[in-house]
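Visitor: Handing you this structure, nothing more for now.
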Amino acid sequence: MSNAAAASAAWEWVKSSYSANGGANCLEWAPSVALSGRVPVRDSKSPQGPVLHFPAGQWVGFVSFIKRQDV
């Protein structure tokens, strides 16, 4: 297991509140890591898969945009 994979396995992951189908189709993020200025995001169906990291400011902008949409 790589150092990055080991680190992400130790993070507390939270599912999106917009999960569909009882949480089967959603993403997860690690809020404790977000305090460092980057927001890790992954597919909840594939927790061992890749983790995308977004700058916190860009993530806040994305979430704000999504909340304004009728999705």
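Visitor: Restrict the check to the stretch 48-65 and report whether at least one residue is touching a Ser or Thr at 6+ places or on another chain (Cβ under 9 Å), crowded, with 16+ Cβ neighbours inside 10 Å and either at pLDDT 90 or above or part of a loop (DSSP other than H, G, I, E, B) (or both).
Guide: Yes.
Visitor: Would you check if Arg68 is among the basic types (Lys, Arg) and surrounded by 11 or more Cβ atoms within 10 Å (Cβ to Cβ)? Step through it out loud before you land on a result.
Guide: Values: among the basic types (Lys, Arg): yes; surrounded by 11 or more Cβ atoms within 10 Å (Cβ to Cβ): no.
So Arg68 fails the test.
The values are calculated or read from the model by the stated rules, or taken from the named source; none is laboratory data. Keep in mind it's a predicted model, so treat the numbers as computed, not measured. All Cβ positions, glycine included, derive from the backbone under ideal geometry; neighbour counts span all protein chains shown.
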